[in-house]
Amino acid sequence: MVERARRAAFIYSTQLERYAYPPGFPLVVQRAKKAYDLLKSMGLLDAGSVVAPRSASREELENFHSRRYLAALQRAAKGEMTADASRMGLGTPDCPIFGDMYDVSVWACGATLTGAALILSGAAEIVFNPFGGFHHAKAEKAAGFCYLNDMVLGCMALSRGGKRVLYLDLDAHHGDGVQEAFYEKKEILAISLHESGETLFPGTGAVDEIGAGDGLGFNVNIPLPLGTYDEAYLAVFDRIVSPLIQWYAPDAIVLELGMDALAGDPLAHLCLTNNAYADVISRLLRFKRPILAAGGGGYDIEKTVRGWALAWRIFACESCDRADASLGMGGVMLQSGEWSGGLRDRKLSIPERQRISVGTALEATMAAVIANVFGRHGIDSPVDGSESAAASDSDP
Ligand SMILES: [Zn+2]
């Protein structure tokens, strides 16, 4: 039986190709075009699914960012540096000054807001903006390659439109800008799965950062140890994230789909394959809630592009993905090289020592989340029997 395709929108236009970060910079915004081209070449993106973004208005940006910061950012892009600008994080190795810095960031915000509007109007159930995901930017500070925070603006737009919003951040880096924006608010439940701040930028995202004031218990961090691999990651999803979604019962999910948690990413140290991202997306779809997804990190360009293309295929038509995998198109079937066709990564063989060290660290982390957050909201502590536990039993 063929599953009816969802109303999924892919936010893209050639307008976005006008902008770039400086040559040689790790963040390559052309990943969006590459994902678009790959999906087109595979026949996975029909013209009706592509929606051109609009830019964000100054007023929309001011919903989160200060006027002072926006003015400094715009002036810096024109080469006018002020003392204010360097205090606001502009002109650092991570956030260099370049001509497109204002425009590229405003368009990323506009693209995510275009997606939020599609969800609010009911024109789309799922939206993917591969040009967004800039989760480190603060109200008045640039950080970690991010100047303007489209994820915060996306959450705010949906929340103001009456949606109960759950933010889920799968980027290898902690979503600190989003955490900071909503730390004292209960209107957004923010969950971030990221490599532990002990080993990775930005250093925040500890398990005891659970919000404050009205927002106490509405910020959930799940720091992951080095080498976290697919089955361990999915166990965390099943035991922590899934019960939280069930309890919170969101009207919409905002998803940061950074692909830098993939094994081999040059800036992080996790060990996922894109099969884990695919499985998380499939689980999210079962909640039957609108999803506003944006790209985020990912510094192995080819793997990132393939991961996003796989994500899109599942967003658009989950049964199409299953059909592809069963026909042997999946990289998991192939023995030579990491990838020889299809969109899926090969499964990785995880040494026993790594399984034990990751498992021990994650058990402690999950126990802390259950004690700090589940207890506060009266969420039942999950028992064994999760899907991933069952699946890993049958794995070699
Ligand atoms: Zn990242």
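Backbone phi angles across region 122-127, fed through the Karplus curve with coefficients 6.51, -1.76 and 1.60 (θ = phi - 60°), yield HN-Hα couplings of x, 6, 9, 9, 10, 10 Hz in residue order; Gly and Pro are listed as x.
What shape does the chain have by the C-alpha gyration tensor, where a ≥ b ≥ c are the square roots of the eigenvalues, rounded means a/c under 1.5, and otherwise prolate means a/b greater than b/c and oblate the rest?
Numbers: a/c = 1.43, a/b = 1.20, b/c = 1.19.
In terms of gyration-tensor shape, rounded.
For region 1-76, GluC sites (Glu not before Pro) meeting the loop criterion (DSSP other than H, G, I, E, B) and having at most 14 other Cβ atoms within 10 Å: Glu3, Glu62. Helix-only arithmetic for the chain: the sum of -39500 (n - 2.57) across DSSP H runs with n ≥ 4, divided by the residue total, places the mean residue ellipticity at 222 nm at -11000 deg cm²/dmol. Under a 5 Å amide H cut-off, with hydrogens placed 1.01 Å from N, Val165 pairs with Leu189, Asp251 among residues at least 5 apart or on other chains. Rounded to the nearest 20 debye, the dipole size of region 8-381 about its Cα centre is 620 debye, using +1 on the Cβ of Lys and Arg and -1 on the Cβ of Asp and Glu.
Does region 173-299 classify as rounded, prolate or oblate by the C-alpha gyration tensor (a ≥ b ≥ c root eigenvalues; a/c under 1.5 gives rounded; else a/b over b/c gives prolate, otherwise oblate)? Please report the intermediate quantities before stating the final value.
On the way: a/c = 1.71, a/b = 1.18, b/c = 1.45.
It comes out oblate by the Cα gyration axes.
Which pairs, out of Lys138/Lys303; Lys33/Lys163; Lys185/Lys288; Lys33/Lys141; Lys138/Lys186; Lys288/Lys347, put more than 23 Å between their alpha-carbon atoms?
On the way: Lys138/Lys303 28 Å; Lys33/Lys163 30 Å; Lys185/Lys288 25 Å; Lys33/Lys141 28 Å; Lys138/Lys186 19 Å; Lys288/Lys347 28 Å.
From the list (Lys138/Lys303; Lys33/Lys163; Lys185/Lys288; Lys33/Lys141; Lys138/Lys186; Lys288/Lys347), the Cα-Cα distance tops 23 Å for Lys138/Lys303; Lys33/Lys163; Lys185/Lys288; Lys33/Lys141; Lys288/Lys347.
Of all beta bridges that DSSP places with both ends in the chain, some 5 percent have antiparallel geometry. Coupling constants for region 297-313 follow from the phi torsions by the Karplus curve (6.51 cos²θ - 1.76 cosθ + 1.60, θ = phi - 60°), and in residue order they are x, x, 10, 8, 4, 5, 5, 5, 4, 5, x, 5, 5, 5, 4, 4, 4 Hz; glycine and proline get x.
May I ask you to derive the relative contact order of region 104-181, considering only C-alpha pairs under 8 Å and at least 6 residues apart, and to give it as an integer percent? Could you put the intermediate results ahead of the total?
On the way: 104 pairs, mean separation 24.5, N = 78.
Once normalised by length, the contact order is 31 percent.
Rounded to the nearest 20 debye, the dipole size of region 129-196 about its Cα centre is 340 debye, using +1 on the Cβ of Lys and Arg and -1 on the Cβ of Asp and Glu. Enumerate the aspartates and glutamates that Lys40 could reach by cross-link, defined here as Cα to Cα under 17 Å, with residues fewer than 8 away along the same chain left out. Within the straight-line limit of under 17 Å, Lys40 reaches these aspartates and glutamates: Glu17, Glu302, Asp321, Asp324.
For Lys185, the residues whose amide H sits under 5 Å from its own are Ala212, Gly215, ignoring neighbours fewer than 5 places away on the same chain, with H placed 1.01 Å from N. Rounded, prolate or oblate: which fits region 57-208 when a ≥ b ≥ c are the square roots of the eigenvalues of the alpha-carbon gyration tensor, with rounded for a/c under 1.5 and prolate only if a/b beats b/c? Note, shape of region 57-208 comes out oblate. Measuring nothing but protein heavy atoms, the accessible surface of the chain at 1.4 Å probe radius is 53 percent carbon and sulfur.
For region 159-227, GluC sites (Glu not before Pro) meeting the loop criterion (DSSP other than H, G, I, E, B) and having at most 11 other Cβ atoms within 10 Å: Glu198. Protein heavy-atom accessible surface, 1.4 Å probe, per residue over the chain: 39 Å².
Note: relative contact order over the chain, using C-alpha pairs below 8 Å and six or more positions apart, is 17 percent. By the Cβ-Cβ criterion of under 4.7 Å, the unpaired cysteines of the chain are Cys95, Cys109, Cys146, Cys155, Cys271.
The values are calculated or read from the model by the stated rules, or taken from the named source; none is laboratory data. What you are looking at is a predicted structure, and each value in this text was computed from that prediction instead of being measured. All Cβ positions, even for glycine, are placed from backbone atoms using ideal geometry, and neighbour counts span all protein chains on display. Just so you know, the surface numbers come from the protein's heavy atoms only, side chains and all, with ligands and any DNA or RNA stripped out. Shrake-Rupley method; radii C 1.70, N 1.55, O 1.52, S 1.80 Å.
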